[in-house]
Amino acid sequence: MHYLLGSDFFADGVGDDSEDLMNNFRGTKGKWSYSPALGEIKSDHAGLIADLVINGDEDENGMVMAAATDLLDVLQNIVTTDAEVLKILTPEQREAANSAIAKALGQ
């Protein structure tokens, strides 16, 4: 899938339906949370997702990992539904958004 931000949102014909985009995410669905006491990332639907290695950075890593699905959802919504935001993004920012979405979707 190749993302084009601008008047033609997506090369694959997905269009501006952010629900279809989130369906492309094959990871564990639902809200993720991080438990600092246990060093665990959990999903409200599937339970334990990851058990982090204790290395001194686990809390920072855990917080970012727990926010990952929310961040992906927000970015996808921005690029598919907010034409006014797209008008003010630079080509570099649009490419960064494309790359982040593709990375999160394993593409």
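Quick rundown of the values:
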item: Label point distance in nm, ILE54-SER35, each placed 7 Å from Cα along Cα→Cβ; result: 1.5 nm
item: Cα-based equivalent ellipsoid, region 18-104: semi-axes from gyration tensor eigenvalues, Å; result: 28, 15, 9
item: Gain in span if fully extended, SER99 to ILE78, counting 0.36 nm per residue against the direct Cα distance; result: 6.1 nm
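Read-outs: derived from the displayed coordinates by stated rules, not from any lab. Keep in mind the model is a prediction, meaning the values are calculated, not measured. Neighbour counts are summed over all protein chains in view; Cβ atoms, including those assigned to glycine, are modelled from backbone coordinates with ideal geometry.
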